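Participant: Provided herewith is a single structure, encoded as structure tokens, for subsequent inquiry.
The values are calculated or read from the model by the stated rules, or taken from the named source; none is laboratory data. Since the structure is predicted, the reported quantities are computational estimates derived from the model, not experimental observations. Cβ atoms come from the backbone with ideal geometry, glycine included; neighbour counts cover every protein chain shown. Heads up: the accessible areas ignore ligands, DNA and RNA and are worked out on the full protein's heavy atoms, side chains in. Shrake-Rupley method; radii C 1.70, N 1.55, O 1.52, S 1.80 Å.
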Amino acid sequence: MITQIKNLRLHRLSGTIVIALLIAAVSIKGQSFFSMRGFGEQLLYTDAYSNSLGGLVSLGRENPAFPIALEKTSFYASVTPDFVIGQEARANRVIYDIRPVSVDGKIPLPYGFRAGLKLSEQFNQNFNVYSDSTQFSNYWIRRHIIGHGGIYRLAGGIGKSFFNRKLTLGFEYSKLLGQSMERWYFEVMNGNYITLDTINTNYSGNSVRFGAMANISFVTIGLSAENILPGRINSNIISHGTIVDSVRGLKYTAPYNIGLGIVIDKLSQTKLFLDLYYENWSSIKFADTLVSGFKNSMKYSIAAEHWLNDNYPLRIGLRYYKTYLEDHYGKQIYEYALTGGSSVKIPKFGFFDYSLEIIRRQGRGLKETIGRINFSISYDEAWKKRTRRWGNY
Amino acid sequence: MNKIMLRKFYRYSLVLLLLLVSTLLIKCDRTPVGYDELGREISEPIFNNFRPVNHFCYGKYVPLGSADYLVLGRNTEYESRVLLQFPIDTVTTTGITGIKLILYPKHFSTISFTLHLINKESEWVENTTTWDRAYEGQPWITNGGDYHSLVLASATLTSDSCIIPIAVSSSILDSLQNNSNGIILLPNSTNDSFATINSKSISTKAPKLVFEYSGTIRNFTPSQDCHIINTINVAPQPYIDYWVGAGYPFRTILRFNLDTIPSHVTIAYAELVLPIQSQYSLSDSIDVGTWQVLDTVYNTFTPVASNIWVSATRIVSTDTMVIFDIRKAVQFWITKPDSNFGIQISGYPENYEINRIKFKTGNIGPYLKIGYILPPKGRFGQ
């Protein structure tokens, strides 16, 4: 009884804090401080389940073959609030953001087939930075630059299970669409004069992704591979209300990526996860020319999920991720993260997943500490034993 | 139950308060963290000063008929007369025992003046009449208005309402009604100051002509009123001086050569600075504005845009310079150099009262401070 009351209070307090944070975060657009380069901050996974397990790619919803057995229709939607503390040269800046990051659905079809549709954020280009205030020719000047937007994936996929759902293969075609707007404010402060230049950029592209999941005894293996087809970038630079520069149809040839994941379900009520991801960003070309500033990225995740009882999982994970970007010193930006999360049953509906990631991301000079929360809500089958959830929908 | 609700209320209030404070703190945080990671080519701003390459300064009679206040008076530099016309053409004059003109000054000094009838032949139109013309295209026979030498009345403004009796006679009544085009108020040459009188635009304090009959009175407000202003020994040197003013307006046209500024830049800062040498005004402040000049030929008829171009600025006696933020104007000139005909600075409004600013000339005279930046580069160097 006492435990129930405590749980009730905990839920109420959690609810209050969550609502308050959501309301507050709406007023400020946040960022990764590293999302100003390249295509922005890459999101390899977008749902709370994957996030809580160190960031799963091949063992999560990013794999077209996931889950290995799809029995009922499933819809999933995720929202991510970010809290970022940037640190550079003994200066700190805090900023936060909230935005929806994905929504997807999968439908089982006869003969072991399935179909799916997904909309998710792939690159985040939100940022908000100030330059230092400097004196130039007797005037104090400062720049303030705000970026909004990103690149999104609209994907449609099919899959089929074989061998009594011991093997599932999936294929997904994605249309990559993106739009961003950067507003460059220039302030001359002795007169409070503010000037605005704007950069509007549109992205388009396509990709195909293959996935496979196989279950052999207590081991489940996930594989994914994606080939991003050549895309196009259009951009306008607008100063004082007129287009002063523009780029039409800049071709980019994007990299491929591959992922491998292994789940070991040997221990009672506990599963162990290993997820690897590689992307050859150094091969990216603009207008058929190799460009510098991009590095091959590699992600390593290890995680564990333990079920305290049939309805209450605990998830924890670690991640080390060398991103595709280098900082302005030329050093590859990397991150390591501690992740955790759980699920709450929503009777007659589905479940509510939540996760928390504490991420330390850095180059040589700039470091950022990110507190990233992810909320995912799922509508699918009636609540059932969760111990096989990763591959038993 | 109430205690529980109160506790809940405190808890929620605390959370919201913390939230509000943290939001404000985060919003006010402007430290330059992460700026270097932009990795873009960012140019330094460029600041330059420009002196006018062409200028022209002139004074001109302008219609003052739509002013809220009528100016009456004179000194060694200006004279201002007031013209009034009342709708009395069809009014019966039989039985009139007295006539009064009532004025309500807004600002007054001791101004002595005389009333005269304006000649019947000299029709005037308040919206176009000036010191040298009765209406558009029709000059007065004598500058300053054509009037009878007969003095209808003499008076002195000494308070905030002035009642001026006019002697009644059949000839005056006949002249007033049938042989004149209203009344002109002439300040005496002994004056050395000015008064402002509420015009018909201020309906509650408009000038009144009162006809007194035995047992009754009839009031008339003007069908037309205006003032006309002349200068006496006040004139700028057109290619040396920089004057602006109102009443008898002075205007200054300036043009700057901005060919050295690239056409695609963004003007971040553009201040037109006019150092003040002296100023004269009936009131505490002078309002000035700027207009877009539409022709390269500078004279008293150089056309300007009808709408004010850059915001007006209010100058008080302690100001040492007039500063306009003309970023939009400079951006326009940079983007369309063929339209850089110049900028006109003049009183705003020009018909309100009498004022004048003389600006310094030469190397300490007007100049334009411009700061501009090159457009930013996109993510991929485009």
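Participant: Would you tally the net charge around A:VAL103, using a Cβ to Cβ cut-off of less than 13 Å, leaving A:VAL103 out, and scoring K and R as +1, D and E as -1?
Facilitator: On the way: positive: A:ARG61, A:ARG99, A:LYS106, A:LYS118, A:ARG153; negative: A:ASP47, A:ASP104, A:GLU121.
Summing Lys/Arg as +1 and Asp/Glu as -1 gives +2.
Participant: Please go through the residue pairs B:LYS60/B:LYS100; A:LYS160/A:LYS285; A:LYS72/A:LYS118; A:LYS285/A:LYS322 and name each one whose alpha carbons sit more than 23 Å apart in this structure.
Facilitator: B:LYS60/B:LYS100; A:LYS160/A:LYS285
Participant: Would you pull out the residues with amide H under 5 Å of B:TYR147's amide H, same chain only if 5 or more places away, H placed 1.01 Å from N?
Facilitator: B:ASN119
Participant: For the protein assembly as shown, rounded, prolate or oblate, judged on the Cα gyration tensor with a ≥ b ≥ c (square roots of eigenvalues), a/c < 1.5 rounded, else prolate if a/b > b/c?
Facilitator: Taking the square roots of the gyration eigenvalues as a ≥ b ≥ c, the protein assembly as shown is prolate.
Participant: Counting only protein heavy atoms and using a 1.4 Å probe, what share of the accessible area of chain A belongs to carbon plus sulfur, as a whole percent?
Facilitator: Values: 10490 of 16600 Å².
Result for chain A: 63 percent of the exposed heavy-atom area is carbon or sulfur.
Participant: Then there is this: Report, in deg cm²/dmol and to the nearest 500, the calculated mean residue ellipticity at 222 nm for chain A, where each DSSP H run with n ≥ 4 adds -39500 (n - 2.57) and the sum is divided by the residue count.
Facilitator: Numbers: 2 runs with 30 residues, N = 393.
After summing the helix terms and dividing by the residues of chain A, the value is -2500 deg cm²/dmol.
Participant: Can I ask one more? What do you get for the angle between helix A:2-26 and the principal long axis of chain A? Use alpha-carbon atoms, 0 to 90 degrees, nearest ten.
Facilitator: 30
Participant: Using a cut-off of 24 Å between alpha-carbon atoms, which lysines can reach B:LYS8, once sequence neighbours fewer than 8 places away in the same chain are excluded?
Facilitator: Straight-line reach from B:LYS8, under 24 Å: A:LYS6.
Participant: Report the local net charge at B:PHE301: Lys and Arg +1, Asp and Glu -1, summed over other residues whose C-beta lies under 12 Å from its C-beta.
Facilitator: +1
Participant: How big a patch of accessible area, both sides summed and in Å² to the nearest 100, lies buried between B and A at a 1.4 Å probe?
Facilitator: Interface between B and A: roughly 4900 Å².
Participant: Next question. Just list whichever of B:LYS120/B:LYS200; A:LYS251/A:LYS299; A:LYS175/A:LYS348 have alpha carbons separated by over 29 Å in the model shown.
Facilitator: A:LYS175/A:LYS348
Participant: Cα centroids of region B:209-283 and region B:107-180: how far apart, whole angstrom?
Facilitator: Cα centres, region B:209-283 to region B:107-180: 25 Å.
Participant: Compute the Cα gyration tensor for region B:100-185, then decide on rounded, prolate or oblate, letting a ≥ b ≥ c be the square roots of its eigenvalues: rounded whenever a/c is under 1.5, prolate when a/b is larger than b/c in the other cases, and oblate in all that remain.
Facilitator: The shape class here is oblate.
Participant: Skipping prolines and chain starts, which residues have an amide H placed within reach, meaning under 5 Å, of the one on B:ASN351, given they are 5 or more residues away or on another chain?
Facilitator: Those lying under 5 Å, H to H, from B:ASN351 are B:GLY247.
Participant: With 29 Å as the cut-off, how large is the P(r) tail for chain B, expressed as percent of Cα-Cα pairs?
Facilitator: Numbers: 41162 of 72771 pairs.
Tail fraction, whole percent: 57.
Participant: Please say if region B:69-231 is rounded, prolate or oblate, where rounded means a/c under 1.5 for a ≥ b ≥ c the square roots of the C-alpha gyration tensor eigenvalues, and otherwise the choice is prolate for a/b larger than b/c and oblate otherwise?
Facilitator: oblate
Participant: Kindly provide the pair-distance distribution of region A:31-391 built from C-alpha pairs, with 20 Å bins from 0 and whole-percent values in order of increasing distance.
Facilitator: Values per bin, smallest distances first: 28, 55, 16, 2.
Participant: Let me ask you something else. Among B:LYS358, B:LYS200, B:LYS336, which one shows the biggest mean-square fluctuation in a GNM of chain B, springs joining Cα atoms closer than 10 Å?
Facilitator: Per the Cα network of chain B with a 10 Å cutoff, B:LYS336 tops the list.
Participant: Using a probe of 1.4 angstrom, how much of the accessible area of region B:316-367 is carbon and sulfur, in percent?
Facilitator: 53
Participant: Treat every Asp and Glu Cβ in region A:31-391 as -1 and every Lys and Arg Cβ as +1, leave all other atoms uncharged, and give the resulting dipole magnitude about the Cα centre to the nearest 20 debye. Walk me through the numbers on the way to the answer.
Facilitator: Working: 42 positive and 30 negative charges, 176 e Å.
It comes to approximately 840 debye.
Participant: What accessible area per residue comes out for region B:30-107, rounded to a whole number of Å², with a 1.4 Å probe?
Facilitator: Per-residue accessible area for region B:30-107 comes out at 41 Å².
Participant: Name the residues of region A:118-165 whose accessible area falls by at least 50 Å² when all protein chains are present instead of the chain alone, probe 1.4 Å?
Facilitator: A:TYR130, A:PHE136, A:TYR139, A:ARG143
Participant: Further, regarding this structure: Which angle between 0 and 90 degrees, to the nearest 10, do you get for helix B:2-28 versus the longest principal axis of chain B when only C-alpha atoms count?
Facilitator: Tilt of helix B:2-28: around 90 degrees.
Participant: Projecting each Cα onto the charge dipole of chain A (Lys/Arg +1, Asp/Glu -1 at the beta carbon, about the Cα centre), which of A:GLY40, A:ILE199, A:PHE171 comes out farthest on the positive side?
Facilitator: A:PHE171
Participant: Name the residues of region A:307-328, by number, that are at least 30 Å² less accessible with every protein chain in place than in the isolated chain; the surface is that of heavy atoms, probe 1.4 Å, without ligands or nucleic acids.
Facilitator: The answer is A:HIS328.
Participant: Okay, moving on. With heavy atoms of protein chains only and a 1.4 Å probe, what residues of region A:34-65 have at least 30 Å² less accessible area in the full set of chains than alone?
Facilitator: Output list: A:MET36, A:ARG37, A:GLY38.
Participant: As an exercise, identify the chymotrypsin sites (Phe, Trp or Tyr not before Pro) in region B:258-342 lying in DSSP coil whose Cβ has no more than 16 other Cβ atoms within 10 Å. List each step's numbers first, then the result.
Facilitator: On the way: sites: B:TYR269, B:TYR280, B:TRP291, B:TYR298, B:PHE301, B:TRP309, B:PHE324, B:PHE332, B:TRP333, B:PHE341; in loops: B:TYR298, B:PHE301, B:TRP309, B:PHE341.
Within region B:258-342, the qualifying chymotrypsin sites (Phe, Trp or Tyr not before Pro) (loop, at most 16 other Cβ atoms within 10 Å) are B:PHE301.
Participant: Right, another one. Let me know the mean shielding of A:239-248 by other chains, meaning the per-residue number of their Cβ atoms within 10 Å of its Cβ.
Facilitator: Counting other chains' Cβ atoms within 10 Å and averaging over A:239-248 gives 6.
Participant: Quick one: putting +1 on the C-beta of Lys and Arg, -1 on the C-beta of Asp and Glu, what dipole do you get for region B:69-231 around its Cα centre, in Debye to the nearest 20? Don't skip to the end; give the middle numbers.
Facilitator: Numbers: 10 positive and 14 negative charges, 93 e Å.
Charge dipole of region B:69-231: 440 debye, to the nearest 20.
Participant: Also, quick follow-up: From the phi of every residue in region A:199-212, what ³J(HN,Hα) in whole Hz does the Karplus formula 6.51 cos²θ - 1.76 cosθ + 1.60 yield, where θ is phi - 60° and glycine or proline is x?
Facilitator: 10, 9, 10, 10, 10, 8, x, 9, 8, 10, 9, 10, x, 8
Participant: Return the average number of partner chain Cβ atoms within 10 angstrom of each residue Cβ along peptide A:81-91.
Facilitator: 3
Participant: On the accessible surface of region B:69-231, probed at 1.4 Å, how many percent belong to carbon and sulfur atoms?
Facilitator: Result for region B:69-231: 47 percent of the exposed heavy-atom area is carbon or sulfur.
Participant: Find the accessible area per residue for chain A; the probe is 1.4 Å, ligands and nucleic acids are left out, and the unit is Å².
Facilitator: With the other protein chains kept in place, chain A gives 42 Å² per residue.
Participant: For the charge dipole of region A:31-391, defined by +1 on Lys and Arg C-beta atoms and -1 on Asp and Glu C-beta atoms about the Cα centroid, which residue among A:VAL247, A:ILE370, A:LEU229 has the Cα displaced farthest towards the positive pole?
Facilitator: A:LEU229
Participant: Additional query: Given charges of +1 on the Cβ of Lys and Arg and -1 on the Cβ of Asp and Glu, with all other atoms neutral, how large is the dipole of chain B about its Cα centre, in debye to the nearest 20?
Facilitator: For this selection, approximately 1760 debye.
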